[in-house]
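A short write-up of the structure that comes next.
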Amino acid sequence: MQPLFLGLDLSTQQLKAVLVREDCSIVHESSVRFDQDLPSYGTENGALKGPAEGEVTSPVAMWLDAFELLAERMKQAGVDFSSIAAISGAGQQHGSVFWSYDAEEALASLDASKSLTSQLSPIAFSLARAPIWQDSSTTRECREIEEAIGGPQTLADITGSRAYERFTGTQIARIRRINPKAYEATSRISLVSSFMPSLFLGRIAPIEISDASGMNLMDVLTCKWNDRLLNICGGSELRSKLGPEPVPGGTSLGKISTFWANRWGFNSDCLIAPFTGDNPATVVALSFPGDALLSLGTSTTFLLSIPPADIPPKRFTTSHLLSHPTTAPDAQIAMLCYKNGALAREQVRDRYTDHDWSKYNSLVDGEGPGCDGYMGLYFPLPEIIPPGVKGEFFFRTSPSLPPVQISEEEVPRDCQPRMILESQFLSIQSRIAAILPPNSPPLQRLVVTGGSSANQTIRQLAADLFNMKVYISTTKEAAGMGGALLAKYSWWKQNGNNKGTFEEMNAMMEGEAAGMKCVAEPRGDVAGKYGGLVASYTACEELVVKASASKDV
């Protein structure tokens, strides 16, 4: 019987399944959408807002129902659960589940004749609603944690990120402050990604190292809990509530519980591997160490797999550093997040090309690199990088002179579509060298995802500006596919390849064979012109940040 590998993705709005063969070809895909399929929970886009200002949660019972409904849909589609050799997956990052002191016994004694929800929802959780990544109610805790540890840069040096409202450490600190009874009644705290394998194991699973990087609680280089931060966020008892030290991907947590074997027909030897966060899972699915991943959606996210190096990568307060799910502690993932992505591009399109992408693309193609010395920075929403900046700013630039700020009316209208693309990409390019370890080999491949990745003009400009071949993935459910690959990796290591690497496992599947298609290559005569524009962009951004800071004073 050919082994199959199941990847699950519990995102904000749905639970998805991707089932693949050993060659990673997809056998089956299915999903449960929370709002449409489980309307009794009253969620909007999978979440509940309030009652406190900025509070955003999801009902844990809804997630349990989703697992049952997903399994039923897979069964109706003819999936042979007994063929599944291993399971892993991805969870929305930063979300947390608070288990009660009855949880371990409830998980261990699940009755296959009853549903997960009916057995776990009444007794297994000290909080019925899980804080998720959209929550912004912890600003007070962010400031308190940074102050207690020695400032945002010190926190970033330890954990890979400064304090963020959505991060789990701040969420735990707030719950401890506003709901001390619930915190006291909590035996264990899971991330969404460790909550998922707990259901399959019949016991609470450890947290995985890459997803633990999004908590502000783990040392990102050693992949161990940091005792100072544990005490700051949750007191001396938090270490026991989090469980053992975080575990790497590709290990085996154990075999599936009898509940799943008896209720759905899973093979009792099915391996359960650690699940990770959705961003690390996407990296696993779409890139290898030394690759870059650019998500061109509503926001813009740049993910860079940093290969092992003698000198650890720098940590910044404007970016994130995550442990890599398959090669930590030797390798990491750097992440840059921008709030103004597609929204800003579309505003320029609407203003200058009357909502017409074809005309927009023609104007981009009609201009050369640098738009004859015009540069624009576009922040319709307060930006993350550079932090807090809002507005539109235009400059005349020259290789030998400082940039001069000008008005929008002084900029040729036909330049604007190319200017916004160049400024968004130059912001990323200006930060890549600082993120990479010294003497790193040049990046070769850029994988683009998100809505704008379908635009060939944008693909080509990215290839030229970053001087990399641009690829797209034929896999739509990247996080679920990453989970399936992590499941396969665990199974592969347990079957005679204990010392093998994830890259060795995938050695025969790079490029087109792994669902990757090259869609643009850098044009030497164009790409060479972008080298000098990074300095011009940096000088413009420094002027904008300085002006923004003086305005705030």
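Things worth noting here:
- Matching residues, the range 484-510, being polar (S, T, N, Q), surrounded by fewer than 21 Cβ atoms within 10 Å (Cβ to Cβ) and in a helix (DSSP H, G or I): Gln494
For (1) in contact (Cβ under 8 Å) with a residue 60 or more places away in the chain; (2) open to solvent by 20 Å² or more (accessible area, probe 1.4 Å); (3) touching a strand residue (DSSP E or B) at 6+ places or on another chain (Cβ under 7 Å), each residue gets a yes or a no:
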{"residue": "Val284", "(1), (2), (3)": "yes, no, no"}
{"residue": "Phe302", "(1), (2), (3)": "yes, no, yes"}
{"residue": "Pro307", "(1), (2), (3)": "yes, yes, no"}
{"residue": "Thr318", "(1), (2), (3)": "yes, yes, no"}
{"residue": "Ser323", "(1), (2), (3)": "yes, no, yes"}
{"residue": "Leu336", "(1), (2), (3)": "yes, no, yes"}
{"residue": "Arg345", "(1), (2), (3)": "yes, no, no"}
{"residue": "Leu363", "(1), (2), (3)": "no, yes, no"}
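- Residue check for Arg203: over 19 Å from Gly482 (Cα atoms) and part of a loop (DSSP other than H, G, I, E, B): yes
- Some residue of the range 271-279 being crowded, with 18+ Cβ neighbours inside 10 Å, of a type outside the set (Asp, Glu), at pLDDT below 95 and part of a helix (DSSP H, G or I): yes
- Condition check for Leu38: touching a strand residue (DSSP E or B) at 6+ places or on another chain (Cβ under 9 Å), modelled with pLDDT of 95 or more and open to solvent by 10 Å² or more (accessible area, probe 1.4 Å): yes
- Here Thr251, Thr222 are screened, and the one residue that is open to solvent by 50 Å² or more (accessible area, probe 1.4 Å), more than 20 Å from Leu70 (Cα to Cα) and in a loop (DSSP other than H, G, I, E, B) is Thr222.
- Complete set of residues in the range 296-331 that are modelled with pLDDT of 85 or more and over 24 Å from Gly391 (Cα atoms): Leu303, Leu304, His320, Leu321, Leu322, Ser323, His324, Pro325, Thr326
- Any chance Glu72 is open to solvent by 30 Å² or more (accessible area, probe 1.4 Å), closer than 30 Å to Arg174 by Cα and of a type outside the set (Phe, Trp, Tyr): no
- Of the residues examined, Gly91 is not one that is touching a Cys at 6+ places or on another chain (Cβ under 6 Å), under 30 Å from Cys337 (Cβ atoms), buried (at least 19 other Cβ atoms within 10 Å of the Cβ) and not β-branched (Val, Ile, Thr).
- Just so you know, in the range 174-219 the residues that are open to solvent by 10 Å² or more (accessible area, probe 1.4 Å) and charged (D, E, K, R) include one that is farthest from Ala163 (Cα to Cα), and it is Arg203.
- Counted residues, the range 94-115 - those being among the hydrophobic types (A, V, I, L, M, F, W, C) and part of a loop (DSSP other than H, G, I, E, B): 2
- Residues that are surrounded by fewer than 20 Cβ atoms within 10 Å (Cβ to Cβ) and within 17 Å of Ile204 (Cβ to Cβ) were ranked within the range 112-131; the one that is modelled with the lowest pLDDT is Ser121.
- Selection status of Glu146, of a type outside the set (Gly, Ala, Ser), more than 25 Å from Thr251 (Cβ to Cβ) and open to solvent by less than 60 Å² (accessible area, probe 1.4 Å): yes
- Scanning the range 80-116 for residues that are touching a strand residue (DSSP E or B) at 6+ places or on another chain (Cβ under 7 Å) and over 28 Å from Glu184 (Cα atoms) turns up Ser83, Ile84, Ala85, Ala86, Ile87, Ser88, Gly89, Ala90.
- Exactly one residue out of Gly341, Gly376, Gly368 is out of contact with any Phe, Trp or Tyr (no Cβ under 9 Å at 6 or more places or on another chain), open to solvent by less than 60 Å² (accessible area, probe 1.4 Å) and under 17 Å from Thr300 (Cβ atoms), and it is Gly341.
- Considering the range 444-483, the residues that are touching a helix residue (DSSP H, G or I) at 6+ places or on another chain (Cβ under 6 Å) and assigned to a loop (DSSP other than H, G, I, E, B) include one that is nearest to Glu29 (Cα to Cα), namely Thr475.
- Restricted to the range 529-541, and to residues there that are in contact with a Pro (Cβ under 9 Å, 6 or more places away or on another chain), surrounded by fewer than 16 Cβ atoms within 10 Å (Cβ to Cβ) and of a type outside the set (A, V, I, L, M), the residue that is nearest to Val404 (Cα to Cα) is Gly532.
Residues are listed down the side, and each one gets a yes or a no for (1) over 26 Å from the mean Cα position of the chain (by Cα); (2) in contact (Cβ under 8 Å) with a residue 24 or more places away in the chain:
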| site | (1), (2) |
| --- | --- |
| Asp37 | no, yes |
| Gly50 | no, no |
| Ala66 | no, yes |
| Leu70 | no, yes |
| Ala77 | yes, yes |
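- Checking each residue in the range 184-235 for being under 21 Å from the mean Cα position of the chain (by Cα) and without any contact (Cβ under 8 Å) to a residue 40 or more places away in the chain picks out Lys224, Trp225.
The values are calculated or read from the model by the stated rules, or taken from the named source; none is laboratory data. All figures in this text were calculated on a predicted structure; none of them were measured in a lab. Backbone-built Cβ (ideal geometry, glycine too); neighbour counts: all protein chains shown. Surface areas here come from the heavy atoms of the whole protein model, side chains and all, with no ligands, DNA or RNA. Shrake-Rupley method; radii C 1.70, N 1.55, O 1.52, S 1.80 Å.
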